[in-house]
Amino acid sequence: MLSARSLFQEIIDNDDSYQLFCSIAASGETQGGWENARIAALVPESMRELAPKITRHGADEDKHGRIFTALLKKRGLEPVPVPPETDYTMLLEQRGIGLAHEKLRRDQRLSEEDILVYLSHSRVTEQRAADQMDMLVKHFGDHPEVGKAIRMICNDEDNHLAYCHEELLGLAYAGHGRTIQRTLRECALAEIAVYRDVSLAVMDHMGRILKWPRAKRAALSMGIRGMYAYERAGGWRRMVDLRMPERRDALGGPAEPAPAF
């Protein structure tokens with residue numbers, strides 16, 4: 001029977017698939033760390049109070065990248081190149097979602113609208129990350145090899161999501177509500193398509209590594225496409241609603257250090 005638990009168990013039991021999984025995760029997290037660090041450095045003067053939280057966000061993402069790299073090294077593995085079709089961050093940027101890396105490389109202050117775009121993009125992508133980590137904690141939170149790492153990252157992702165909700169609500173109350181809702185919708189509809197494509201690509205690579213039979217690969221593809229159909233029909237709305245989180249000022253302090261794994 002196909003299940004998230006059985007699939008992930010197969011992936012972590014095989015060195016080659018585990019190596020690819022951790023490499024993809026580490027690359028995406030490290031990229032997120034760089035993006036947030038650049039945004040923090042370029043925040044407009046009118047929003048400088050956000051800079052420490054954006055810095056903390058980036059530090060957490062960078063920490064996650066180091067955690068996935070450490071998980072590889074613990075098994076005696078090295079990171080491998082990330083296939084471009086599995087690069088979630090790059091594919092989102094190519095669709096014009098979030099702030100372009102070209103803009104972030106300049107030493108030029110961002111605008112207030114740029115920060116709205118950053119927070120809206122983060123609201124959507126952090127929802128995806130939080131959902132994924134919740135699923136992994138449910139099935140593998142007690143796993144002797146990856147459980148500790150998964151629990152720490154899951155807690156951080158919940159903090160990131162809470163931060164996005166709180167900051168976007170504050171900006172909506174300040175008069176930016178229409179811009180935020182429009183941007184959230186654009187981000188969500190693009191993200192669900194990118195997530196579908198990346199999921200199909202990752203499962204294709206895993207299927208070849210693990211030598212899954214054609215029927216199993218077809219069933220997984222059908223499931224991924226079915227999830228996209230659900231999200232396109234209305235499931236995307238969970239990624240754009242805003243409500244005051246229970247965790248207030250979730251990124252108000254320094255990042256917690258990553259213990260050894």
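So, in the stretch 31-46, exactly how many residues are surrounded by fewer than 19 Cβ atoms within 10 Å (Cβ to Cβ) and either of a type in the set (Asp, Glu) or touching a residue at least 12 places away in the same chain (Cβ under 8 Å) (or both)? If you could, list the steps in order and put the result at the bottom.
Narrowing the stretch 31-46 to residues surrounded by fewer than 19 Cβ atoms within 10 Å (Cβ to Cβ): 34, 37, 41, 44-46.
Add one more test, that the residue is either of a type in the set (Asp, Glu) or touching a residue at least 12 places away in the same chain (Cβ under 8 Å) (or both), and what stays is 34, 37, 44-46.
Residues that pass the stated criteria total 5.
Condition test on ALA26, is it free of Cβ contacts under 8 Å to residues at least 12 places away in the same chain, surrounded by 15 or more Cβ atoms within 10 Å (Cβ to Cβ) and in a helix (DSSP H, G or I)?
Working: free of Cβ contacts under 8 Å to residues at least 12 places away in the same chain: no; surrounded by 15 or more Cβ atoms within 10 Å (Cβ to Cβ): yes; in a helix (DSSP H, G or I): yes.
For ALA26, the condition - free of Cβ contacts under 8 Å to residues at least 12 places away in the same chain, surrounded by 15 or more Cβ atoms within 10 Å (Cβ to Cβ) and in a helix (DSSP H, G or I) - is not met.
Which one is modelled with the highest pLDDT, of the residues in the stretch 225-261 that are of a type in the set (Asp, Glu), within 28 Å of ARG178 (Cβ to Cβ) and surrounded by fewer than 15 Cβ atoms within 10 Å (Cβ to Cβ)?
At the first step, the residues of the stretch 225-261 found to be of a type in the set (Asp, Glu) are 231, 241, 246, 249, 256.
Okay, now just the ones that are also within 28 Å of ARG178 (Cβ to Cβ), so 231, 241, 246, 249.
Remaining after also requiring surrounded by fewer than 15 Cβ atoms within 10 Å (Cβ to Cβ): 241, 246, 249.
Working: ASP241: 96, GLU246: 93, ASP249: 93.
Checked the stretch 225-261; the qualifying residue modelled with the highest pLDDT is ASP241.
Tally up the residues in the stretch 74-102 that are surrounded by 18 or more Cβ atoms within 10 Å (Cβ to Cβ) and of a type in the set (Lys, Arg), please.
0
Out of the residues in the stretch 55-98 that are farther than 30 Å from ASP13 by Cβ and over 15 Å from the mean Cα position of the chain (by Cα), which is modelled with the lowest pLDDT?
Of everything passing the filter in the stretch 55-98, GLY96 is modelled with the lowest pLDDT.
Cβ-Cβ below 6 Å, separation at least six or inter-chain, first residue in the stretch 115-139 and touching a residue at least 24 places away in the same chain (Cβ under 8 Å) and under 16 Å from GLU29 (Cβ atoms), second surrounded by fewer than 21 Cβ atoms within 10 Å (Cβ to Cβ) and of a type outside the set (A, V, I, L, M): which pairs?
Qualifying pairs under 6 Å: ALA130/ASP158; MET133/CYS154.
If we scan the stretch 123-142, do we find a residue that is assigned to a helix (DSSP H, G or I), in contact with a Ser or Thr (Cβ under 7 Å, 6 or more places away or on another chain) and not charged (D, E, K, R)? Spell out how you get there, then give the answer.
Residues of the stretch 123-142 that are assigned to a helix (DSSP H, G or I), as a first pass: 123-140.
So of that shortlist, the ones also in contact with a Ser or Thr (Cβ under 7 Å, 6 or more places away or on another chain) come out as none.
No; the residues of the stretch 123-142 include none that is assigned to a helix (DSSP H, G or I), in contact with a Ser or Thr (Cβ under 7 Å, 6 or more places away or on another chain) and not charged (D, E, K, R).
Given the conditions (1) in contact with a His (Cβ under 8 Å, 6 or more places away or on another chain); (2) over 19 Å from GLY28 (Cβ atoms), report the number of the one that HIS165 does not fulfil.
(1)
The values are calculated or read from the model by the stated rules, or taken from the named source; none is laboratory data. A quick note: this is a predicted structure, and the numbers were derived from the prediction, not measured. Glycine gets a Cβ as well: all are built from the backbone with ideal geometry, and neighbour counts include every protein chain shown.
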